Amino acid sequence: MEPNYKDGELVIVDRTRYTFGIPQRGDVIGLKFPGQPTKKKFIKRIVGLPGEHIKITGKNVFIDGKKYTEDYLPLYLEQNDYVDVTIAQDQYFVMGDNRGVSSDSRKWGTVPRKNIVGRAYLRIWPIEKIGLVEHFKSEY
């Protein structure tokens, strides 16, 4: 999730956030890896919601045909992807902020709702970066 989050940082995930609410685009979430839900956990950012059509060409992301602006990503981002998928109900399309090396929905597909542990809430390590996790709401 670099440059926004680095390996080794500790983030507290609010497991109750989605008990009554639903995951939103731009949320940073804790999730269980779909291929090995008991072994691996990640933090990723929700980009696509159930029922939406996601198309990625190069570094441009389109949601239902409209370009999605991701202000939280660096301008120098190098990315050369091609994805064209319609997200099933109860599934989410997630990506890491470090798009060049992130293992995410572009590689292993969408994430079932049941694999979402919660919404990232507070960064607690390293100590000089303690603070609330930023979630970005961007229009597309």
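May I ask you to sort Val101, Val117 by Cβ crowding, counting other Cβ atoms within 10 Å and putting the fewest first?
The most exposed by this proxy come first: Val101, Val117.
Order 103-115, 21-33, 80-92 from most to least packed using the mean count of other Cβ atoms within 10 Å.
Answer by packing, highest mean first, reads 21-33, 103-115, 80-92.
Quick note: the coordinates plus some simple rules give every number you see, no bench work behind them. All figures in this text were calculated on a predicted structure; none of them were measured in a lab. All Cβ positions, even for glycine, are placed from backbone atoms using ideal geometry, and neighbour counts span all protein chains on display.
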